[in-house]
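Chemist: Take a look at this one; I'll ask things after.
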Amino acid sequence: MAQQEQPATRRSILKRSGVALSVGTVGLAGCTGSNSGGGNDTTDGDSSGGNDDTQTDSGGSGGEEVTIDLATTQPPENIMVKAISEHFIDEIESKTDGRISVNLQAATLGGSEDNMSALESGTVDIVSESPPTMAQRFAPEYSFAGDPFVIANMDHYKAVQEEYLMPEDGLNGILMENGLRLGDSFRWGNRGFTSNFPVKTPEDVQDVKLRLPQFETWTSVWGEIGAQPTPVPFDELYSALQTGVADASEGPIAQFMSTSLYEVQSHFSVTNHLLGVNHFILNDDFYQGLSGEDQDLVMSTIEEATGNITQTIRDNEQELYDQARDEGATIIQRDEIDRQAFVDAGMPALEELSESKWAADINNVLDLA
């Protein structure tokens, strides 16, 4: 999909013919009518972004009505979806007195690949997705942003985002070549280690059959550390742990609780080996079809929302740890775990990935922490 000027895109044809792009009964996605607001002007003429006067001028009936189709793989009851609804959808609708409305499609389109396909085609305008999803589909050389023991915390991720992901000669440039645009990110959760024994050092995972998603980079790092990566479909995870097909798994505390793994795994170790992050990703035809004021408003509202979404998820995470304890699980806290020892043990694999696959040197990435 072309980024800016392509008069006969699927989206523009559907718009001119009045065909709805969204799923269900909600009206046309994106900006309807003319682009008199200068939607194709990407200069810094309206750089104020979050300026209250700009938002007031573009709110209410002062501009074109816009319906945004926003998709996520998670269901409406998921804490991430609730946080997106509160901090992005409610905010942008409130700021514009409903002139901009959002049609939330939560777990209605399928998995991540389905959502990304819908975004590329223009069926939806914005999705919430992870670095591994983007890397796997468009740019495997940027997988380091979502690989084990690379990102230490959210401040570190933001520095990596600024240095490698947002620039047009980075991941964002590759997305733009595919008709997409990278927005800001929020913390979705840190992944931990589930087992029937405490995990504090690399010695604790030697020869342990560890169920992992089949990302080559993930299996390489954990294999280097000494675990035995074991392929198990996610829907068979509980039974695999119950029967001993796998000895351990990894994932966020939300997964540990939602799949009742506390029934078959006695320990959750807060290894924080992989920071779960999601970005808002925009269809660029949609973005370019907005007025300059609405472009600024959408992006500034996303930026404001990400910090609040992160905090909401953090607060919920603590409640989940408490619930896990109530169910009898033992939580091995972060300060009990020698995370640097895991980084050191996995370093040969990280360096090999850095040399052969990544668009960044692992040491340069670590130095941003």
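The values are calculated or read from the model by the stated rules, or taken from the named source; none is laboratory data. What you see is a predicted model, and the numbers here were worked out from it, not measured in a lab. Because the Cβ atoms are built from the backbone with ideal geometry, glycine has one as well, and the counts that use them run over all protein chains shown.
Chemist: For region 78-93, what are the residues that are within 16 Å of the chain's Cα centre (by Cα) and free of Cβ contacts under 8 Å to residues at least 24 places away in the same chain?
Modeler: Within region 78-93, just Ser85 meets the criteria.
Chemist: Would you mind telling me which numbered condition in (1) modelled with pLDDT of 95 or more; (2) assigned to a strand (DSSP E or B) Val124 fails?
Modeler: Of everything listed in (1) modelled with pLDDT of 95 or more; (2) assigned to a strand (DSSP E or B), Val124 misses just condition (2).
Chemist: Give Asp315, Asp294, Asp322 a once-over and let me know the one that is under 24 Å from the mean Cα position of the chain (by Cα), farther than 28 Å from Met176 by Cβ and part of a helix (DSSP H, G or I).
Modeler: Asp315
Chemist: State whether the residues of region 358-366 include one that is more than 23 Å from Val277 (Cα to Cα) and in the same structural domain as Thr259 (by TED's automatic domain parsing).
Modeler: The answer is no; no qualifying residue exists.
Chemist: Among Glu129, Glu141, which is the only one that is in contact (Cβ under 8 Å) with a residue 40 or more places away in the chain, of a type outside the set (A, V, I, L, M, F, W, C) and in contact with a His (Cβ under 9 Å, 6 or more places away or on another chain)?
Modeler: It is Glu129.
Chemist: Restricting to region 311-348, name every residue that is over 18 Å from Leu261 (Cα atoms) and among the hydrophobic types (A, V, I, L, M, F, W, C).
Modeler: Ile313, Ile337, Ala341, Phe342, Val343, Ala345, Met347
Chemist: A follow-up question, please. Kindly provide the set of residues from region 201-237 that are surrounded by 17 or more Cβ atoms within 10 Å (Cβ to Cβ) and either outside the structural domain of Ile337 (by TED's automatic domain parsing) or farther than 22 Å from Ser143 by Cα (or both), ordered by number.
Modeler: Correct list: Pro202, Asp204, Val205, Val208, Lys209, Leu237.
Chemist: Residue under question is Val208, and the condition is that it be in contact with a strand residue (DSSP E or B) (Cβ under 6 Å, 6 or more places away or on another chain), closer than 23 Å to His273 by Cα and among the aliphatic types (A, V, I, L, M); does it hold?
Modeler: yes
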